[in-house]
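Everything below concerns the one structure shown next.
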Amino acid sequence: MTWARVRVPATVADLGAGRDRIGIAVDRWLTVSADLQGTRGVTIERAGTLAALDVPPWRDQLHIGFGGACWAACHVVPTNIRFAATSDIPIGRGLGASAAAVVAGVLLANAVLSLGLDEATMLSVAADIAERTDRVAAALHGGACLLLPPAPSLGEHAPAVAPVVVRPDLAVVIAVPDGKGHADAGHDAGHDAVRCAAQRAGATGATRSGSGTSLVAISPAECADAVAAAMVDAWGAHGVSAATFVSAGAVSGAQVESRPTHDGGPRDAIDRCA
């Protein structure tokens, strides 16, 4: 029996002309631990941005990813799994919270149950479950990832991932509008205004992140704070409050920590998908 913990980054995607073929890992994280408990049942303890979720365990993306990995390895899905999850990734804002959960579930199953799945198989399984392959790839590998070639089937071409070089002097600025008033604020006009404000403040470009309401701007690092402030002000002019964060420097991919529990030994191991 093995206890395992994973740490998976948030992601942004739908980046301009790259559309949903390019994803970038950003500095917000989902952390989940899992082991097999002594009593029957699947439990998920949620904290951080996950605390407000009211989803039964069997419908949670964590458990779905865990089960998908079991299926890929022809392993019975355990009925006595205990998860403890905390996250600072905004939910439902286009920052890959669901993709991070799927990736976490797949990696946890592989570690806790010693499934022996290789990286390509795990990526393919996660891509088949998640909505956007680029988010899965960036969450696993970190940095920026490009999915090649255009894939009619997410799982079929999921291993075809290449790193995209991002200049170290650039930062990713994300503006996350809250839900209050957003639907009635003329969000299309708001998005246009926020994009223009970001570029006037020094961003090289700005676009919506994935299918959510967040906007992401690529900015020279020295302009990042000014870009963030300009985006908040532009949202405010349209009656929408927003929070921002800046992701600068290299962001690693998912990290897995595992420890055998049968002997209580100190043999911790850190594996990085990068």
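Summed over the residues of the chain and divided among them, the accessible surface reaches 44 Å² per residue at a probe radius of 1.4 Å.
GNM on the chain, alpha-carbon springs under 10 angstrom: the most fluctuating residue among Gly38, Gly96, Gly142 is Gly38.
Which order do Trp58, Trp71, Trp29 take when ranked by solvent-accessible area (1.4 Å probe, heavy atoms of all protein chains), largest first? Intermediate values should be presented prior to the final figure.
Numbers: Trp58 175, Trp71 195, Trp29 25 Å².
Listed by decreasing accessible area, they come as Trp71, Trp58, Trp29.
Note on His141: accessible area approximately 50 square angstrom, rounded to 10, probe 1.4 Å, nucleic acids and ligands left out.
Accessible surface for Asp14 stands near 20 Å², nearest 10, in the context of the full protein assembly shown (1.4 Å probe). Counting only whole DSSP H helices of the chain, the ones at least 18 Å long by C-alpha along their axis and with mean Kyte-Doolittle hydropathy no lower than 0.0 are 97-112, 224-237. Would the range 1-90 count as rounded, prolate or oblate if I go by the C-alpha gyration tensor, calling it rounded below 1.5 in a/c and otherwise prolate when a/b exceeds b/c, oblate otherwise? Prolate shape, in that a/c is at least 1.5 and a/b is the bigger ratio.
When Leu115, Leu108 are compared by accessible area at a 1.4 angstrom probe, the order from most to least is Leu115, Leu108. For the chain, which whole percent of the accessible surface, found with a 1.4 angstrom probe, sits on carbon and sulfur atoms? Carbon and sulfur atoms account for 54 percent of the accessible area of the chain.
Assigning unit charges at the beta carbon (Lys, Arg +1; Asp, Glu -1) and nothing else, what dipole magnitude in debye, to the nearest 20, does the range 58-128 show about its Cα centre? About 220 debye.
Which one is right for this structure if Cα extents along the principal axes in Å is calculated from it: [x] 53, 50, 39; [y] 56, 46, 34; [z] 58, 37, 36? This structure yields the entry labelled [z]. Ranking of Ser241, Ser219, Ser258 by solvent-accessible surface, largest first: Ser241, Ser258, Ser219 (1.4 Å probe, protein heavy atoms only, all chains present).
Counted without the sites themselves, the longest stretch of the chain free of trypsin sites (Lys or Arg not before Pro) in a DSSP loop having at most 16 other beta carbon atoms within 10 Å is 41-179. In the chain, a dipole from Cβ-located charges (positive for Lys and Arg, negative for Asp and Glu) runs towards its positive end, and of Ala101, Val176, Ala193 it is Ala101 whose Cα lies farthest in that direction. Report summary: the helix-based calculation at 222 nm, which adds -39500 (n - 2.57) for every DSSP H run with n ≥ 4 and divides by the residues of the chain, gives -8500 deg cm²/dmol. Looking at the range 67-140, the pairs of alpha carbons with a distance over 13 Å make up 64% of the total. For Ala243 and Leu146, the FRET efficiency from 1/(1 + (r/R0)^6), where r spans their Cβ atoms and R0 equals 51 Å, is about 0.95.
The charge dipole of the chain, taken about the Cα centre with unit charges on the Cβ atoms of Lys, Arg (+1) and Asp, Glu (-1), comes to about 160 debye, rounded to the nearest 20.
The values are calculated or read from the model by the stated rules, or taken from the named source; none is laboratory data. Keep in mind it's a predicted model, so treat the numbers as computed, not measured. Backbone-built Cβ (ideal geometry, glycine too); neighbour counts: all protein chains shown. These accessible areas exclude ligands, DNA and RNA; they are computed on the full protein's heavy atoms, side chains included. Shrake-Rupley method; radii C 1.70, N 1.55, O 1.52, S 1.80 Å.
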